[in-house]
Number of protein chains: 2
Amino acid sequence: MPRFRITVEYAGGDFVGWQRQANGPSIQQSLEEAVEKLSGERVEVVGAGRTDAGVHAMAQVAHFDLESDRFDANTVMKALNFHVKPDPIAIRHAEEADGDFHARFSATKRSYLYRILNRRAPAALDAGRVWHVPQVLDAEAMHDAAQALVGHHDFTTFRAKHCQAQSPEKTLDSLTVSRVGEEIHINAHARSFLHHQIRNITGTLKLVGEGKWTRKDVEDALAAKDRAAGGPTAPPDGLYLVSVGY
Amino acid sequence: MPRFRITVEYAGGDFVGWQRQANGPSIQQSLEEAVEKLSGERVEVVGAGRTDAGVHAMAQVAHFDLESDRFDANTVMKALNFHVKPDPIAIRHAEEADGDFHARFSATKRSYLYRILNRRAPAALDAGRVWHVPQVLDAEAMHDAAQALVGHHDFTTFRAKHCQAQSPEKTLDSLTVSRVGEEIHINAHARSFLHHQIRNITGTLKLVGEGKWTRKDVEDALAAKDRAAGGPTAPPDGLYLVSVGY
């Protein structure tokens with residue numbers, strides 16, 4: 001009973017999110033149906049990160065088991081890429097994994113990128129792939145304030161109300177903000193994240209970039225351990241699951 | 001009677017091309033309708049490059065005249081960005097121009113980028129924005145062969161049959177091929193290009209990248225002055241008008 005590990009790129013805009021839901025198409029469902037078309041088997045495709053509606057992935061990692069051992073990894077990759085069409089999903093890599101590999105629970109590091117398009121004109125080429133913020137943002141001030149969030153903290157202030165994590169405590173390994181041409185890039189690395197954590201942090205750092213908040217305000221918001229003390233939730237459009245480490 | 005010069009970004013996938021046509025929506029039509037919504041005036045928006053269906057622009061340049069002098073450049077930019085919604089078009093810049101400025105005829109340099117996604121997996125995040133070529137391409141061989149096309153030549157071999165240019169002779173100022181991560185980027189600079197010239201060159205250089213053609217084959221194809229001697233036309237998806245110089 002082989003276990004396959006796949007690396008998946010997708011554009012999240014047309015989906016209700018990674019996870020299978022009754023109210024619309026999910027990346028998980030699309031992949032599970034592709035596996036069924038290949039093998040005739042109904043499987044669960046388990047992802048490392050349950051990205052929200054509209055959130056993208058450059059390299060989500062997932063695994064699934066097949067009863068049959070008829071398929072090698074190369075066939076799996078080619079067949080899934082064929083069967084997920086025309087959904088904006090691509091299987092970048094597939095390999096056989098050990099039976100104790102678990103895409104979600106074995107993951108030790110997740111990296112996300114948040115892209116803000118920081119110019120007056122709205123996005124055309126990257127519509128749905130960035131958050132358009134027309135006011136000029138101070139990336140250096142955002143980066144400095146972001147450092148107040150690095151480390152082990154109670155992130156209740158940046159946690160979605162309906163977050164299902166047992167604890168609001170997480171360790172943020174790094175959080176950097178830099179200007180890249182017309183964009184501001186926020187890169188976040190941690191073993192795991194709370195629901196909406198990066199989008200809530202991004203919405204807060206945007207206030208710093210606009211000069212409405214200081215680093216001290218961010219520190220106070222974190223200390224308040226109260227979602228109402230944080231900034232607004234940034235839209236999903238700019239968020240990318242970049243990689244998962246094991 | 002003010003003349004406005006605008007710089008426009010667009011995703012070409014949903015359009016029949018830059019130029020207004022009876023058979024579908026064009027970027028020109030969308031902009032002309034936006035100008036009419038702002039001013040009540042029916043104008044012609046003249047573009048520097050008449051990009052084909054599916055071809056994108058990072059910074060197309062265009063001009064139009066208004067009878068009224070009620071609008072400043074800032075208002076024009078904001079209003080056009082508002083009125084072109086929800087089309088994937090963004091006006092990045094607007095300014096008043098001299099009456100003798102002509103977006104097309106005053107242009108002295110045009111820069112294009114062709115993006116090939118060169119990996120086994122198809123495009124997901126960049127679907128419609130790249131040409132997916134799964135075979136590994138030799139970018140160095142492509143670059144070397146490309147140098148045979150630089151300079152003043154009769155480009156009949158790389159010219160669309162229905163090209164309306166008076167002469168097939170053009171001067172290609174530079175043509176570079178480089179690997180950028182999973183992509184191959186072809187950058188082309190010239191005063192002006194023939195219809196399909198870059199897409200036909202790209203389709204030919206791909207043959208070199210695959211090892212099917214040599215630089216000598218490209219030289220011979222150019223010398224043949226016969227479209228049938230060239231490689232196939234690359235799809236429009238990967239082509240971007242990057243900038244126009246005056």
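Counting charges near B:Phe64 (Lys, Arg +1; Asp, Glu -1) among other residues having Cβ under 10 Å from its Cβ returns a value of -2. Expressed in units of 2.2 N^0.38 Å, where N is the residue count, the Cα radius of gyration of chain A is 1.06.
Listed by Cβ neighbour count within 10 Å, with the fewest neighbours leading, A:Phe193, B:Phe158 appear as A:Phe193, B:Phe158. For the listed peptides A:222-234, B:23-35, a ranking on the average number of other beta carbons within 10 Å per residue, highest first, reads B:23-35, A:222-234.
Here the spin labels are modelled as points 7 Å beyond Cα on the Cα-Cβ line, and at A:Gln21 and A:Asp220 they lie 3.5 nm apart.
Note on A:112-121: average number of Cβ atoms from other chains within 10 Å of each residue's Cβ is 3. Only the Cβ atoms of Lys and Arg (+1) and of Asp and Glu (-1) were treated as charged; on that basis the dipole of region A:109-245 about its Cα centre amounts to roughly 360 debye.
Taking every C-alpha pair closer than 8 Å and separated by at least 6 residues, the mean separation divided by the residue count of chain A gives a relative contact order of 23 percent.
Between the C-alpha center of region A:101-137 and that of region A:177-220 there is a gap of 11 Å. Phi angles of region B:126-134 translate, via the Karplus equation with coefficients 6.51, -1.76, 1.60 and θ = phi - 60°, into HN-Hα couplings of 10, 4, x, 10, 8, 9, 7, 10, x Hz per residue; Gly and Pro are given as x. Each 5 Å bin from zero holds the following percent of Cα-Cα pairs in region A:109-245: 2, 11, 22, 25, 21, 12, 5, 1, 0.
Taking the label point 7 Å along Cα→Cβ, A:Asp154 and its counterparts in the other copies are spaced 8.2 nm apart, in ascending order.
Inter-copy label distances at A:Val46, shortest first and taken from points set 7 Å along Cα to Cβ: 6.5 nm. Between copies, how far does the label point of B:Thr108 sit from its twins, in nm, shortest first, when each point is 7 Å from Cα along Cα→Cβ? The projected label point of B:Thr108 is separated from its counterparts by 5.9 nm. The mean number of Cβ atoms from other chains found within 10 Å of a Cβ in peptide A:125-137 is 2, as a whole number. Shielding value for A:89-101 is 2, the average number of Cβ atoms from other chains within 10 Å of each residue's Cβ. Think of region A:109-245 as a dipole: +1 on every Lys or Arg Cβ, -1 on every Asp or Glu Cβ, centred on the Cα centre; then among A:Gly128, A:Asn118, A:Ala146, A:Gly128 lies furthest on the positive end.
Expressed per residue, the C-alpha convex hull volume of region A:3-97 stands at 79 Å³. Cross-link pairs exceeding 18 Å between alpha carbons, from the set A:Lys37/A:Lys85; B:Lys109/B:Lys206; B:Lys170/B:Lys206: B:Lys109/B:Lys206; B:Lys170/B:Lys206. Taking chain A as a Gaussian network, where each spring joins two C-alpha atoms under 10 Å apart, which residue of A:Arg159, A:Arg110, A:Arg119 fluctuates the most? Of A:Arg159, A:Arg110, A:Arg119, the most mobile in the Gaussian network model is A:Arg119.
Order by neighbour count: A:Arg120, A:Arg199, fewest other Cβ atoms within 10 Å first, most last.
Values: A:Arg120 17, A:Arg199 24.
Sorted ascending by nearby Cβ count, the order is A:Arg120, A:Arg199.
Taking Cβ atoms as reference points and 13 Å as the exclusive limit, the residues near B:His93 contribute a net charge of +1, counting Lys and Arg as +1 and Asp and Glu as -1. Compare A:Leu113, A:Leu175, A:Leu38 in a GNM of chain A, Cα atoms joined below 10 Å, and give the one with the largest fluctuation. It is A:Leu38.
With neighbours defined as other Cβ atoms within 10 Å of a residue's Cβ, the residues A:Arg179, B:Arg5 order from fewest to most as A:Arg179, B:Arg5. Per residue, the convex hull spanned by the Cα atoms of the protein assembly as shown measures out at 172 cubic angstrom. Within chain A, antiparallel bridges make up roughly 90 percent of the DSSP beta bridges whose residues both belong there.
Computed from the coordinates by the stated procedures, all read-outs in this text should not be read as laboratory data. Only a predicted model underlies this, so the values are computations on that prediction, with no experimental measurement involved. Because the Cβ atoms are built from the backbone with ideal geometry, glycine has one as well, and the counts that use them run over all protein chains shown.
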